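Encoded as structure tokens, the structure appears first; notes follow it.
Coordinate-derived values only; no laboratory data. Keep in mind it's a predicted model, so treat the numbers as computed, not measured. Neighbour counts are summed over all protein chains in view; Cβ atoms, including those assigned to glycine, are modelled from backbone coordinates with ideal geometry.
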Amino acid sequence: MSHFQTITTIYHDGQFWVAMIERLDGDRVDVARHVFGAEPSNAELLAWAGKGFAGLDFQPAPARALPEPSPNPKRRKREAAAELKQAGPSSRARDVVKAAAAFGATERSAARAESRHAISERRYADRVARKKARRLGKG
């Protein structure tokens, strides 16, 4: 049985209160997102955490390639400071959730387009059938 370490970050994204859950297992990182909506009370947070993250859809986080270290110690220090300032684990988790949402949006868009095409084809076939029936004097 594998033993996971979880990190939960709760933040306000400008519109809703959101929990970002990161599940760490060695080198593997999986992330999930839960939207609370209004600001959750302590009782709501405890009840939600007591469920053990049941029903969350965890997405695998992409591995980040590490840059080649510079031999210059001052440059290494500047690069490390810039990296710490730029992205922590929670921002990487947000990127994964955004990518998953974008993928879902493109899939929904393709499904809608296919549905519209099928409806158009069906209407065309009905129109041709009515035309044929009128021509044969049955309409």
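What is the angle, in °, between the Cα long axis of helix 89-135 and the longest principal axis of the Cα atoms in the chain? Nearest 10 is fine, range 0 to 90. Tilt of helix 89-135: around 0 degrees. Each of Tyr11 and Arg130 was given a label point 7 Å from its Cα along the Cα-to-Cβ line. The distance between the two points is 5.5 nm. Panel order for His117, His34, by other beta carbons found within 10 Å of each beta carbon, from fewest to most: His117, His34. In the chain, the calculated helix contribution to ellipticity at 222 nm averages -17500 deg cm²/dmol per residue, counting -39,500 (n - 2.57) for every DSSP H run with n ≥ 4. For the chain, a simple Cβ point-charge model (Lys and Arg +1, Asp and Glu -1, everything else neutral) yields a dipole of about 1440 debye relative to the Cα centre.
Close Lys pairs in the chain, defined as Cα atoms under 29 Å apart and 8 or more places apart or on different chains, number 4.
Projecting the Cα atoms of Trp48, Ala99, Trp17 onto the charge dipole of the chain (Cβ charges, centred on the Cα centre) puts Ala99 farthest toward the positive pole. Computing Cα Rg over 2.2 N^0.38 Å for the structure here picks out one of (i) 1.79; (ii) 1.22; (iii) 1.11, namely (i).
Remark: Leu56, Leu46 ranked as Leu46, Leu56, counting other beta-carbon atoms within 10 Å and listing the fewest first. Ranked for footprinting exposure by Cβ neighbours inside 10 Å, fewest first, Arg108, Arg23 give Arg108, Arg23.
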